[in-house]
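A quick write-up on the structure given underneath.
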Amino acid sequence: MTGLLRRWLGGGTSPEPESAKPKAKEYLARVQAKIAKLAEDFAAGTINRAQFQELYSHYQREIRTIEQMIEAGQGDWQSAVTEGQSVMIRKRNLARAEGYAVYENESGMPLATLGSFQIDSALLVPMLSSYRAATAEIFGAGMRSTAIEGGRWLCFVPGQHTTLMALFTVEVAPKQMEALEHIHRVFESANRHRLASPPVDPTGLIFPHEYTLKVVIAGDGNVGKTSLVRRYCEGKFESSRVMTIGVDFQTKVVALPGRAVKLSIWDVAGQERFQSFRAGFYRGSRAVALVFDVTNTESFAHLARWREEIAKAAKGARFVVVGNKLDLPRVQPQDLAGRFAADLGAPHVGTSAATGDGVPEMFEALARLAAGE
Ligand SMILES: Nc1nc2c(ncn2[C@@H]2O[C@H](COP(=O)(O)OP(=O)(O)O)[C@@H](O)[C@H]2O)c(=O)[nH]1
Ligand SMILES: [Mg+2]
């Protein structure tokens, strides 16, 4: 309890209306309880330092503001209350996994990367080997994490055959690190036969994920749906492609904060003539990308119809609005798309399947929505 608060709760000569006082007192006590809970959360490792620090100062600020308003005799202290903001602070400071990389201990070579693991290998390789030398000495030292350039954090999870490295946007909370350790343990045990007989063929490995979530890529024909999926799943782009007939689907493990989920990505043909059997494909989807082509206003105008058709078949599906072909001169005004997305409560992402810009963001948004984050 702060000195100010104690002074205030202890009585004193506050000039505010008597009725406001017990309520304010009650509210301040609730904030104090939240601070106590915050300390518990940090001690339990469920939040990181940035989350603790900012939430703590948020609560302190709130207490101080209310106290000052009460002292000044302002009855409307409730207007200063910002409940709900703490959720935003927690979210803003949550460490998000940008990507994972699995290195083979024996050869020091990368076996696989998931998500975007953009880190200079001139930095990485010496770090990895000095890290491995250190853990060999301090047996059982377990996982480590370290700050790297740009405020990002790199986590190391040593295993028998491989080392998992995970790149996070900010410092991770201990619980997230535990989750990583768990993922890696499952990875090593599931792949132990392949890992034990080098050279390891990375294509034969399986990557643990929590569950498979179905997502759908919808929108008119020719907006670039198939190209976006190809770019994300196969890392390539072909400028001339045969139009999609019917439906295609691919799966891909996506890195989310401290965990991985597998998306099964359904690419629905945009052609009107297939509408009769489209409904079936929407069923069970958790998140949907409504894709339009920024050089084609009609493709944007049709999104409302796509949304309606999908909402009927997949109740509760969430949406992300995607403007593709950003590498070309834009015709569809950006603010209209932004407003359309905001009305749906949907994120709005700009992409280019041709250059790859925005593509990971699009699929991560889908994964987060599908996972219910
Ligand atoms: N310049 C450019 N062309 C694209 C992009 N995405 C797709 N295309 C092209 O647009 C056409 C239609 O793409 P496709 O993926 O088949 O569209 P879909 O019918 O929605 O699946 C193809 O010729 C692609 O090469 C992009 O981001 N930029
Ligand atoms: Mg297609």
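All of the numbers you see were taken from the coordinates with simple rules; none came from a lab. All values reported here derive from a predicted model rather than from experimental measurement. Here the Cβ is made from the backbone with ideal geometry for all residues, glycine too, and neighbour counts use every protein chain on show.
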First check a/c for region 152-226, with a ≥ b ≥ c the square roots of the eigenvalues of its C-alpha gyration tensor; if it is under 1.5, answer rounded, and if not, answer prolate when a/b is larger than b/c or oblate otherwise. oblate
Short version: what are the Cα gyration tensor semi-axes of region 97-204, square root of 5 times each eigenvalue, largest first, in whole Å? 21, 15, 15
Of Ser116, Pro126, Asn105, which is farthest towards the positive pole of region 97-204's charge dipole, taken about the Cα centre with +1 and -1 on the beta-carbons of Lys, Arg and Asp, Glu respectively? Asn105
Going Cα to Cα from Lys25, which lysines come in below 17 Å? Please leave out same-chain ones fewer than 8 positions away. Lys34
Which of the three applies to region 212-370, rounded, prolate or oblate, going by the alpha-carbon gyration tensor with a ≥ b ≥ c and a/c under 1.5 meaning rounded? rounded
